Amino acid sequence: MSDPNCIFCKIAAKQIPSALLHEDNLVVAFKDIAPQVPVHVLIVPKVHVSGLDGLGEEHKDLVGHIALVGQKLARDLGVAESGYRMVVHCGPDAGQTVFHLHFHLLGGAPMGGKMV
Ligand code: AMP
Ligand code: ZN
């Protein structure tokens with residue numbers, strides 16, 4: 001369920017502080033410590049999953065829930081109209097650095113037409 005060496009497990013368990021924006025029974029959402037755009041939030045399941053590649057059938061509802069939490073946060077943070085991205089890095093080529101699944105919610109500035 002939880003990895004004692006995982007920084008996002010520790011944040012979810014409140015053992016490490018974060019700028020928490022949302023919490024429910026399944027996820028926490030907090031401000032990224034090194035924001036890339038004005039609105040940069042991480043949506044993180046409370047259960048330890050290593051990343052997209054660690055998901056199984058049992059996580060289908062969790063992923064749908066994360067999408068809806070992202071939608072709600074985008075509205076609450078005032079970027080639903082201007083636009084936003086939800087991004088997941090999976091593995092070395094994608095630049096994943098924290099191996100606990102997290103969705104980046106990015107907005108508040110134009111991000112251009114290119115994906116990478
Ligand atoms: P990635 O694994 O590439 O999707 O990125 C991990 C993200 O976690 C980066 O954007 C980091 O800035 C962010 N991050 C790492 N440690 C913390 C922390 N303690 N609190 C908030 N964000 C963090
Ligand atoms: Zn973890």
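The values are calculated or read from the model by the stated rules, or taken from the named source; none is laboratory data. Everything quoted here is computed from the prediction, not taken from an experiment. With ideal geometry, Cβ positions are generated from the backbone for all residues, glycine too; neighbour counts draw on all protein chains shown. To get the accessible areas, we keep the full protein, side chains included, count just its heavy atoms, and leave off ligands, DNA and RNA. Shrake-Rupley method; radii C 1.70, N 1.55, O 1.52, S 1.80 Å.
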Checklist entry - Got at least one residue in segment 29-36 being away from ligand 2 (no atom under 16 Å from the Cβ), open to solvent by 40 Å² or more (accessible area, probe 1.4 Å) and not in a loop (DSSP other than H, G, I, E, B)? => result yes
Checklist outcome for this item: GLN96 passes all but one of the listed conditions (1) within 16 Å of ligand 2 (Cβ to nearest atom); (2) in contact with a strand residue (DSSP E or B) (Cβ under 9 Å, 6 or more places away or on another chain); (3) open to solvent by less than 40 Å² (accessible area, probe 1.4 Å); the exception is number (2)
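Taking segment 1-28 on its own, how many of its residues are more than 10 Å from ligand 2 (Cβ to nearest atom) and either in contact with a strand residue (DSSP E or B) (Cβ under 6 Å, 6 or more places away or on another chain) or in a loop (DSSP other than H, G, I, E, B) (or both)?
Total satisfying the criteria: 14.
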Item to check | Residues located in segment 40-58, provided they are open to solvent by less than 30 Å² (accessible area, probe 1.4 Å) and more than 12 Å from the chain's Cα centre (by Cα) | outcome: VAL49, GLY56
Checklist outcome for this item: Per the list (1) open to solvent by less than 30 Å² (accessible area, probe 1.4 Å); (2) in a helix (DSSP H, G or I), residue check on LYS72 breaks on (1)
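For every residue, the table says whether it meets (1) at pLDDT 95 or above; (2) touching a Pro at 6+ places or on another chain (Cβ under 7 Å); (3) within 29 Å of LYS114 (Cα to Cα).
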| site | (1), (2), (3) |
| --- | --- |
| GLN15 | yes, no, no |
| ASN25 | yes, no, no |
| LEU42 | yes, no, yes |
| GLY64 | yes, no, yes |
| ALA67 | yes, no, yes |
| LEU77 | yes, no, yes |
| THR97 | yes, no, yes |
| LEU101 | yes, yes, yes |
